[in-house]
């Protein structure tokens, strides 16, 4: 078997409109230890309960504040639409239709990056949002060495001030806009002091080309040093039931500094949708799914990690929801300034994801869920050694300090 999208694959059933079939498989112990005393909070103030995945969600009133931004409680990650990391590029007209459907339902937070494609994901989003620009908050990223003529990666990381400025100009053109709402450093560049990076973005903000500054997968000291130069609105990090690393200091730092958290891969790269099983393989012809080399999706690890899927399925049955909705609702319940950005190429799955807004957990339910979660151990490293080298890093101090 192979998977075409974070949650889309041929042959998957829905028992209800917008709701995935809850498949039955045996549970195996898996996942990272979690203290059962994690916040047992619901989000009833933002939602109405009971619809699960069975009704189209309208989230116009479900708002969150990551830093100085105000956005919909769920955003839309656009990478999988044509970025090539999970699946072949989707039909452009259909992908634009998905983006417009998200806007119609109240989503106004859209995530892209110059490296997705490269370039073509920004172009797609720019075209789709041109008629709705004032209704959308666009986040994009800089920080990789990419040849602007050939669109080929020509090196590793590059956050030199002159490169940041060049990326901002080309991203503005591809996005068909006069400002970037949220400009992330995609990965910390260990060769460039973060003060230089933050200072460059601060200048772009003063010029009106950027509105807010963000970081992705930074070290904790880098967050503080950057924030001292230019307030950081949001940090984008992997965070899900599959990877709970932000609980080891990042959530506390965000709380202290007033920074929002934007979890990427909130559905565990598709694992938490309930559409994968222990026999799933990521070897479709004609493209490379990055999960093919991700240790968590190696056959033995995937078998072990099905325990997380079983937990999500069990609670989906209890709450008349879907595993995806359980996974997203759990994230939303952790802090009021967390804004997940699940990606999809399918309107039905968009509606399913937005149904998480309708889900409420009582304090007792959240405590029970976290107690069960604490018994599970995740199998496999979070990524390949090369990818792990680029996360959680700090930069050198500026010269003379």
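Rule-based calculations on the coordinates, nothing more; no lab input. What you see is a predicted model, and the numbers here were worked out from it, not measured in a lab. Please note: Cβ atoms are built from the backbone with ideal geometry, for glycine as well, and neighbour counts cover all protein chains shown.
Considering only residues that are touching a helix residue (DSSP H, G or I) at 6+ places or on another chain (Cβ under 7 Å) and outside any helix (DSSP H, G or I), look in region 217-237 and name the one that is nearest to residue 390 (Cα to Cα).
237
Do you know which of the residues in region 140-151 that are free of Cβ contacts under 8 Å to residues at least 24 places away in the same chain and in a loop (DSSP other than H, G, I, E, B) is surrounded by the fewest Cβ atoms within 10 Å (Cβ to Cβ)? Even if it seems obvious, please write down each step before you answer.
Let us first name the residues in region 140-151 that are free of Cβ contacts under 8 Å to residues at least 24 places away in the same chain, namely 145, 147-150.
From the residues that got through so far, the ones that are in a loop (DSSP other than H, G, I, E, B) too are 147-150.
Numbers: 147: 11, 148: 13, 149: 6, 150: 9.
Selected residue: 149.
Within region 57-96, can you find the residues that are surrounded by fewer than 17 Cβ atoms within 10 Å (Cβ to Cβ) and in contact (Cβ under 8 Å) with a residue 40 or more places away in the chain?
58, 60, 61, 65, 68, 88, 94 - these are the residues of region 57-96 that are surrounded by fewer than 17 Cβ atoms within 10 Å (Cβ to Cβ) and in contact (Cβ under 8 Å) with a residue 40 or more places away in the chain.
Could you please find all residues in region 139-175 being over 28 Å from residue 394 (Cβ atoms) and within 23 Å of the chain's Cα centre (by Cα)?
172, 174, 175
Pick from 363, 374, 368: which is surrounded by fewer than 22 Cβ atoms within 10 Å (Cβ to Cβ), over 21 Å from residue 105 (Cα atoms) and free of Cβ contacts under 8 Å to residues at least 60 places away in the same chain?
One residue alone meets the criteria, 368.
For the subset of region 83-100 comprising residues that are over 25 Å from residue 71 (Cβ atoms) and assigned to a loop (DSSP other than H, G, I, E, B), which member is farthest from the chain's Cα centre (by Cα)?
Per the stated criteria, the residue is 91.
For region 199-215, give me each residue that is crowded, with 23+ Cβ neighbours inside 10 Å and not in a helix (DSSP H, G or I).
210, 212, 213, 214, 215 - these are the residues of region 199-215 that are crowded, with 23+ Cβ neighbours inside 10 Å and not in a helix (DSSP H, G or I).
Within region 252-283, which residues are touching a strand residue (DSSP E or B) at 6+ places or on another chain (Cβ under 8 Å) and either crowded, with 21+ Cβ neighbours inside 10 Å or closer than 24 Å to residue 302 by Cα (or both)?
Residues satisfying the conditions are 254, 259, 260, 261, 262, 263, 264, 265, 273, 274, 275.
Taking region 159-171 as the region of interest, how many residues are surrounded by 20 or more Cβ atoms within 10 Å (Cβ to Cβ) and either touching a helix residue (DSSP H, G or I) at 6+ places or on another chain (Cβ under 9 Å) or part of a strand (DSSP E or B) (or both)?
Summing the residues that are surrounded by 20 or more Cβ atoms within 10 Å (Cβ to Cβ) and either touching a helix residue (DSSP H, G or I) at 6+ places or on another chain (Cβ under 9 Å) or part of a strand (DSSP E or B) (or both) in region 159-171 gives 4.
Of all residues in region 101-119, which are within 19 Å of the chain's Cα centre (by Cα), surrounded by fewer than 21 Cβ atoms within 10 Å (Cβ to Cβ) and without any contact (Cβ under 8 Å) to a residue 40 or more places away in the chain?
Matches in region 101-119: 103, 118.
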